[in-house]
Amino acid sequence: MLKIYLTFAVETVVPNDLASNIQSVPTKSVYTEESFVTLPSLDRLDIKDLQERDPVVGKFIEIWNTKRKPLRSEQRKCDKPLVTLLRQWDRIEVEDGLIYRIIIDPNHGQLKQMKVPAMLRNKVLDNCHDKLGHQEIERTFTNVRLRCYWPGMFNHIKDYCKKCERCIVSKMPQPAITPAMGHLIANRPLQILAIDFTVLEPAYGKENVLVMTDSFTKFTRAQYLRKTRKQTLLLMYC
Ligand SMILES: [Zn+2]
(Lines give C-alpha, C1' and ligand atoms only; values in the text may rest on other atoms or scores of the structure.)
Protein backbone atom coordinates (compact mmCIF):
# COMPACT_ATOMS: atom_id res chain seq x y z
CA MET A 1 0.00 0.00 0.00
CA LEU A 2 1.22 3.49 -0.84
CA LYS A 3 2.37 5.47 2.18
CA ILE A 4 2.79 9.23 2.01
CA TYR A 5 4.49 11.43 4.60
CA LEU A 6 4.37 15.15 4.01
CA THR A 7 5.19 18.40 5.75
CA PHE A 8 2.39 20.89 5.35
CA ALA A 9 2.81 24.64 4.99
CA VAL A 10 0.38 27.16 6.40
CA GLU A 11 -3.04 27.12 4.68
CA THR A 12 -2.26 23.84 2.89
CA VAL A 13 -5.40 21.98 1.96
CA VAL A 14 -5.02 18.26 1.31
CA PRO A 15 -7.40 16.81 -1.31
CA ASN A 16 -9.67 14.21 0.27
CA ASP A 17 -8.56 11.37 -2.04
CA LEU A 18 -4.88 12.06 -1.24
CA ALA A 19 -5.52 12.41 2.47
CA SER A 20 -6.97 8.91 2.66
CA ASN A 21 -3.49 7.59 1.79
CA ILE A 22 -1.63 9.51 4.46
CA GLN A 23 -0.79 7.00 7.17
CA SER A 24 0.28 9.36 9.91
CA VAL A 25 -2.85 11.48 9.90
CA PRO A 26 -5.33 10.84 12.70
CA THR A 27 -8.89 10.97 11.37
CA LYS A 28 -10.51 12.72 14.33
CA SER A 29 -13.88 14.21 13.56
CA VAL A 30 -14.39 17.80 14.66
CA TYR A 31 -17.95 18.62 15.63
CA THR A 32 -19.87 21.30 13.81
CA GLU A 33 -20.47 23.04 17.16
CA GLU A 34 -16.75 23.91 17.20
CA SER A 35 -17.46 26.69 14.71
CA PHE A 36 -19.92 28.33 17.03
CA VAL A 37 -17.25 28.75 19.72
CA THR A 38 -15.95 31.60 17.57
CA LEU A 39 -19.33 33.33 17.50
CA PRO A 40 -20.94 32.67 20.87
CA SER A 41 -23.37 35.58 20.64
CA LEU A 42 -25.01 34.32 17.44
CA ASP A 43 -27.19 31.31 16.71
CA ARG A 44 -27.33 29.26 13.53
CA LEU A 45 -30.19 31.28 12.02
CA ASP A 46 -28.30 34.58 12.49
CA ILE A 47 -25.21 33.15 10.79
CA LYS A 48 -27.25 31.51 8.02
CA ASP A 49 -28.93 34.84 7.33
CA LEU A 50 -25.57 36.64 7.18
CA GLN A 51 -24.07 33.93 4.94
CA GLU A 52 -26.95 34.37 2.49
CA ARG A 53 -26.63 38.16 2.52
CA ASP A 54 -22.85 38.16 2.06
CA PRO A 55 -21.97 39.23 -1.52
CA VAL A 56 -19.50 36.36 -2.00
CA VAL A 57 -20.80 33.54 0.24
CA GLY A 58 -24.39 34.41 -0.71
CA LYS A 59 -23.58 34.21 -4.42
CA PHE A 60 -21.83 30.89 -3.83
CA ILE A 61 -24.93 29.54 -2.05
CA GLU A 62 -27.10 30.61 -5.00
CA ILE A 63 -24.83 28.72 -7.39
CA TRP A 64 -24.56 25.74 -5.02
CA ASN A 65 -28.34 25.43 -4.90
CA THR A 66 -28.43 24.99 -8.69
CA LYS A 67 -26.36 21.80 -8.09
CA ARG A 68 -24.17 22.60 -11.09
CA LYS A 69 -20.56 23.66 -10.73
CA PRO A 70 -19.82 26.46 -13.22
CA LEU A 71 -17.42 25.60 -16.00
CA ARG A 72 -13.95 27.13 -15.89
CA SER A 73 -14.94 29.47 -18.72
CA GLU A 74 -17.92 30.64 -16.64
CA GLN A 75 -15.78 31.05 -13.50
CA ARG A 76 -13.51 33.48 -15.34
CA LYS A 77 -16.34 36.02 -15.28
CA CYS A 78 -16.59 35.82 -11.48
CA ASP A 79 -14.69 37.84 -8.85
CA LYS A 80 -11.58 36.23 -7.38
CA PRO A 81 -13.01 35.46 -3.89
CA LEU A 82 -15.99 33.70 -5.50
CA VAL A 83 -13.69 31.73 -7.82
CA THR A 84 -11.71 30.63 -4.74
CA LEU A 85 -14.91 29.27 -3.19
CA LEU A 86 -16.02 27.61 -6.45
CA ARG A 87 -12.70 25.76 -6.66
CA GLN A 88 -13.53 24.20 -3.28
CA TRP A 89 -16.82 22.79 -4.64
CA ASP A 90 -15.93 19.17 -3.86
CA ARG A 91 -15.11 19.98 -0.25
CA ILE A 92 -18.35 21.82 0.52
CA GLU A 93 -20.92 20.46 2.93
CA VAL A 94 -24.25 22.02 3.91
CA GLU A 95 -25.67 21.37 7.35
CA ASP A 96 -28.83 23.04 8.67
CA GLY A 97 -28.58 25.53 5.82
CA LEU A 98 -25.02 26.56 6.76
CA ILE A 99 -22.10 26.20 4.37
CA TYR A 100 -18.92 24.46 5.57
CA ARG A 101 -15.63 23.52 3.98
CA ILE A 102 -14.28 20.08 4.87
CA ILE A 103 -10.53 19.61 4.94
CA ILE A 104 -8.11 17.07 6.31
CA ASP A 105 -5.51 18.59 8.57
CA PRO A 106 -2.29 16.62 9.20
CA ASN A 107 -2.44 17.30 12.95
CA HIS A 108 -6.14 17.54 13.71
CA GLY A 109 -7.75 15.18 11.22
CA GLN A 110 -10.99 16.22 9.56
CA LEU A 111 -11.95 19.86 10.04
CA LYS A 112 -15.35 21.32 9.35
CA GLN A 113 -14.76 25.00 8.72
CA MET A 114 -17.69 27.36 8.64
CA LYS A 115 -17.62 29.86 5.76
CA VAL A 116 -17.59 33.16 7.60
CA PRO A 117 -19.37 36.11 5.95
CA ALA A 118 -17.33 39.34 5.78
CA MET A 119 -19.47 41.05 8.42
CA LEU A 120 -18.54 38.47 11.04
CA ARG A 121 -14.82 38.12 10.42
CA ASN A 122 -13.66 40.76 12.91
CA LYS A 123 -16.08 39.32 15.45
CA VAL A 124 -14.43 35.90 14.98
CA LEU A 125 -11.02 37.53 15.46
CA ASP A 126 -12.22 39.34 18.56
CA ASN A 127 -13.16 35.95 20.05
CA CYS A 128 -10.08 34.10 18.76
CA HIS A 129 -7.45 36.80 19.40
CA ASP A 130 -8.59 39.49 21.84
CA LYS A 131 -10.51 37.16 24.13
CA LEU A 132 -7.84 34.45 24.01
CA GLY A 133 -5.02 36.53 25.47
CA HIS A 134 -3.77 38.30 22.31
CA GLN A 135 -1.76 35.35 21.02
CA GLU A 136 0.67 35.74 18.12
CA ILE A 137 -0.37 35.59 14.46
CA GLU A 138 0.33 31.87 13.87
CA ARG A 139 -1.54 30.77 16.99
CA THR A 140 -4.48 33.02 16.23
CA PHE A 141 -4.57 31.63 12.70
CA THR A 142 -4.57 28.06 14.04
CA ASN A 143 -7.42 28.87 16.45
CA VAL A 144 -9.52 30.30 13.62
CA ARG A 145 -8.57 27.68 11.02
CA LEU A 146 -9.72 24.83 13.25
CA ARG A 147 -13.25 26.19 13.01
CA CYS A 148 -13.67 28.73 10.21
CA TYR A 149 -12.63 29.70 6.71
CA TRP A 150 -12.78 32.69 4.39
CA PRO A 151 -10.67 33.54 1.34
CA GLY A 152 -7.47 35.43 2.27
CA MET A 153 -7.94 34.44 5.93
CA PHE A 154 -4.24 34.32 6.85
CA ASN A 155 -3.49 37.83 5.54
CA HIS A 156 -6.59 39.20 7.26
CA ILE A 157 -5.50 37.69 10.58
CA LYS A 158 -1.93 38.95 10.13
CA ASP A 159 -3.21 42.46 9.45
CA TYR A 160 -5.60 42.34 12.41
CA CYS A 161 -2.87 41.23 14.84
CA LYS A 162 -0.36 43.79 13.54
CA LYS A 163 -2.86 46.61 14.06
CA CYS A 164 -4.06 45.35 17.44
CA GLU A 165 -3.47 48.24 19.85
CA ARG A 166 -2.89 46.01 22.86
CA CYS A 167 -0.31 43.89 20.98
CA ILE A 168 1.49 47.03 19.76
CA VAL A 169 1.70 48.48 23.28
CA SER A 170 2.90 45.20 24.80
CA LYS A 171 5.77 45.03 22.28
CA MET A 172 6.94 48.61 22.89
CA PRO A 173 10.27 48.92 24.75
CA GLN A 174 9.64 49.44 28.45
CA PRO A 175 11.48 52.32 30.24
CA ALA A 176 14.36 51.22 32.45
CA ILE A 177 13.45 51.07 36.11
CA THR A 178 15.48 53.60 38.09
CA PRO A 179 16.07 52.90 41.78
CA ALA A 180 14.32 55.22 44.21
CA MET A 181 16.47 57.99 45.66
CA GLY A 182 17.73 57.30 49.14
CA HIS A 183 16.81 59.52 52.11
CA LEU A 184 19.26 62.14 53.33
CA ILE A 185 19.39 62.06 57.10
CA ALA A 186 20.72 65.11 58.94
CA ASN A 187 22.67 64.60 62.20
CA ARG A 188 22.68 68.21 63.37
CA PRO A 189 20.84 71.52 62.74
CA LEU A 190 21.56 73.32 59.46
CA GLN A 191 23.45 70.31 58.08
CA ILE A 192 20.87 69.80 55.32
CA LEU A 193 18.65 72.63 54.12
CA ALA A 194 15.74 71.92 51.76
CA ILE A 195 15.06 74.93 49.53
CA ASP A 196 12.28 75.44 47.01
CA PHE A 197 10.24 78.19 45.45
CA THR A 198 6.51 78.48 45.66
CA VAL A 199 4.22 80.88 43.88
CA LEU A 200 1.27 82.29 45.80
CA GLU A 201 -1.84 83.99 44.46
CA PRO A 202 -0.68 87.49 43.38
CA ALA A 203 -1.33 89.96 46.22
CA TYR A 204 0.37 93.33 46.40
CA GLY A 205 2.90 91.95 43.93
CA LYS A 206 4.25 89.45 46.51
CA GLU A 207 3.83 86.10 44.89
CA ASN A 208 7.38 84.65 44.74
CA VAL A 209 8.26 82.96 48.01
CA LEU A 210 11.40 81.02 48.84
CA VAL A 211 10.77 78.27 51.39
CA MET A 212 13.66 76.86 53.42
CA THR A 213 13.38 73.92 55.80
CA ASP A 214 16.07 72.60 58.11
CA SER A 215 15.97 68.79 57.76
CA PHE A 216 17.06 68.17 61.36
CA THR A 217 14.79 70.56 63.30
CA LYS A 218 12.07 70.93 60.60
CA PHE A 219 12.28 74.68 61.24
CA THR A 220 10.86 76.39 58.16
CA ARG A 221 11.20 79.93 56.97
CA ALA A 222 9.38 81.53 54.06
CA GLN A 223 10.99 84.56 52.45
CA TYR A 224 9.26 86.86 49.98
CA LEU A 225 11.44 87.67 46.96
CA ARG A 226 10.93 90.42 44.45
CA LYS A 227 13.17 88.64 42.00
CA THR A 228 13.95 84.95 41.58
CA ARG A 229 17.17 85.39 39.66
CA LYS A 230 20.27 83.37 40.52
CA GLN A 231 22.08 86.52 41.71
CA THR A 232 19.33 87.27 44.25
CA LEU A 233 19.70 83.80 45.80
CA LEU A 234 23.46 84.05 45.91
CA LEU A 235 23.20 87.39 47.74
CA MET A 236 20.97 85.76 50.38
CA TYR A 237 23.51 83.06 51.21
CA CYS A 238 26.65 85.14 51.04
ZN1 LIG B 1 -3.71 41.73 20.22
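The values are calculated or read from the model by the stated rules, or taken from the named source; none is laboratory data. What you see is a predicted model; the values in this text were computed from it and never measured. Please note: Cβ atoms are built from the backbone with ideal geometry, for glycine as well, and neighbour counts cover all protein chains shown. Areas reflect the complete protein model, heavy atoms only, side chains present, ligands, DNA and RNA absent. Shrake-Rupley method; radii C 1.70, N 1.55, O 1.52, S 1.80 Å.
Would you please list the contacts, defined by Cβ atoms under 8 Å and residues six or more apart or on different chains, that run from a residue in segment 145-166 that is within 16 Å of Lys131 (Cα to Cα) to a residue that is among the aromatic types (Phe, Trp, Tyr) and within 16 Å of the ligand (Cβ to nearest atom)?
Pairs that qualify, where the first residue is within 16 Å of Lys131 (Cα to Cα) and the partner is among the aromatic types (Phe, Trp, Tyr) and within 16 Å of the ligand (Cβ to nearest atom), are Ile157/Phe141.
Scan segment 111-122 and give yes if some residue there is open to solvent by 30 Å² or more (accessible area, probe 1.4 Å) and within 16 Å of the ligand (Cβ to nearest atom), otherwise no. Quick ask: steps written out before the conclusion?
Our first condition is that a residue be open to solvent by 30 Å² or more (accessible area, probe 1.4 Å); within segment 111-122, this holds for 118-119, 121-122.
Adding the requirement that they be within 16 Å of the ligand (Cβ to nearest atom) leaves 121-122.
Yes - at least one qualifying residue is present in segment 111-122.
Only one of Arg145, Arg139 is among the basic types (Lys, Arg) and either within 15 Å of the ligand (Cβ to nearest atom) or in contact with a Ser or Thr (Cβ under 6 Å, 6 or more places away or on another chain) (or both). Can you tell me which?
Working: Arg145 fails: either within 15 Å of the ligand (Cβ to nearest atom) or in contact with a Ser or Thr (Cβ under 6 Å, 6 or more places away or on another chain) (or both).
The conditions single out Arg139.
Would a scan of segment 119-132 turn up a residue that is on the phi < 0 side of the Ramachandran plot, in contact with a Lys or Arg (Cβ under 9 Å, 6 or more places away or on another chain), polar (S, T, N, Q) and at pLDDT 90 or above?
no
Please note which helices (runs of 4 or more DSSP H) are completely contained in segment 48-129 and include at least 2 residues that are within 22 Å of Phe154 (Cβ to Cβ) and among the charged types (D, E, K, R). Steps first, please.
Working: elements: 57-65, 72-75, 80-86, 118-128.
Ranges flagged: 118-128.
Return yes or no: is Leu50 modelled with pLDDT under 90 and either open to solvent by less than 20 Å² (accessible area, probe 1.4 Å) or within 30 Å of Asp130 (Cβ to Cβ) (or both)?
Values: modelled with pLDDT under 90: no; either open to solvent by less than 20 Å² (accessible area, probe 1.4 Å) or within 30 Å of Asp130 (Cβ to Cβ) (or both): yes.
Spelling it out, it is not the case that Leu50 is modelled with pLDDT under 90 and either open to solvent by less than 20 Å² (accessible area, probe 1.4 Å) or within 30 Å of Asp130 (Cβ to Cβ) (or both).
Only one of Ser41, Ser35 is of a type in the set (Gly, Ala, Ser), modelled with pLDDT under 90 and crowded, with 18+ Cβ neighbours inside 10 Å. Can you tell me which? Even if it seems obvious, please write down each step before you answer.
Values: Ser41 fails: crowded, with 18+ Cβ neighbours inside 10 Å.
One residue alone meets the criteria, Ser35.
Of the residues that sit in segment 55-97 and are aliphatic (A, V, I, L, M) and free of Cβ contacts under 8 Å to residues at least 24 places away in the same chain, which one is surrounded by the most Cβ atoms within 10 Å (Cβ to Cβ)? First the steps, then the outcome.
Step one: filter segment 55-97 for residues aliphatic (A, V, I, L, M), giving 56-57, 61, 63, 71, 82-83, 85-86, 92, 94.
So of that shortlist, the ones also free of Cβ contacts under 8 Å to residues at least 24 places away in the same chain come out as 63, 71, 83.
Details: Ile63: 18, Leu71: 8, Val83: 16.
Across segment 55-97, the extreme among qualifying residues is Ile63.
Could you please tell me which pairs satisfy a Cβ distance under 6 Å, a separation of 6+ or placement on different chains, a first residue in segment 98-118 that is under 13 Å from Arg147 (Cβ atoms), and a second residue that is part of a loop (DSSP other than H, G, I, E, B)?
Arg101/Gln88; Ile103/Val13; Leu111/Val30; Lys112/Val30; Lys112/Thr32; Val116/Trp150
Output the residues belonging to segment 155-177 that are open to solvent by less than 40 Å² (accessible area, probe 1.4 Å) and either outside any helix (DSSP H, G or I) or away from the ligand (no atom under 16 Å from the Cβ) (or both).
Once the filter is applied, which keeps residues that are open to solvent by less than 40 Å² (accessible area, probe 1.4 Å) and either outside any helix (DSSP H, G or I) or away from the ligand (no atom under 16 Å from the Cβ) (or both), segment 155-177 yields only Cys164.
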